[in-house]
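Okay, so here's the structure we're looking at.
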Amino acid sequence: MPEARFEPVFLRRQHFVAEITSLDEIFDFLEEWPQDKRGLAYDTLLKACRDTASGRFPLNAARENFRRFLKMSGVLAKAEGATKFEPLMSDHPIGNA
């Protein structure tokens, strides 16, 4: 079964704006979230995402909870005018590599 996607949520990283469009990407983000910044909001979002993965919570509701978490954490970015980070997918070596 293909992974369900949703309207992008944008967040600020150090030098770029990242785009999150799936539940798996939210899980990846939460896994990287610093231990010392985890709290009730983090735990609630993680539970909602787990419930979504098991079919007990709607995907769009998990997306909205994630967007609110980012806003509360001060890393939510606006979509308009954002420079998105897109990994380079090239067969061409750089330099002598």
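The values are calculated or read from the model by the stated rules, or taken from the named source; none is laboratory data. Being a predicted model, the structure only gives us computed values, none of them experimental. Here the Cβ is made from the backbone with ideal geometry for all residues, glycine too, and neighbour counts use every protein chain on show. The protein model used for the area step is the full one, side chains on, heavy atoms only, and it has no ligands, DNA or RNA in it. Shrake-Rupley method; radii C 1.70, N 1.55, O 1.52, S 1.80 Å.
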Residue under evaluation Arg56, criteria (1) at pLDDT 95 or above; (2) within 14 Å of the chain's Cα centre (by Cα); (3) charged (D, E, K, R), criterion not met: (2)
Index of the failed condition, Gln35 passing every other in (1) open to solvent by 90 Å² or more (accessible area, probe 1.4 Å); (2) of a type in the set (S, T, N, Q); (3) under 14 Å from the mean Cα position of the chain (by Cα): (3)
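How many residues does the range 1-44 contain that are part of a strand (DSSP E or B) and of a type in the set (Ser, Thr, Tyr)?
Of all residues in the range 1-44, those part of a strand (DSSP E or B) come to 5-12, 17-22.
Remaining after also requiring of a type in the set (Ser, Thr, Tyr): 21-22.
Within the range 1-44, residues that are part of a strand (DSSP E or B) and of a type in the set (Ser, Thr, Tyr) number 2.
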Count of the range 7-26 residues which are under 26 Å from Pro58 (Cβ atoms) and without any contact (Cβ under 8 Å) to a residue 24 or more places away in the chain: 4
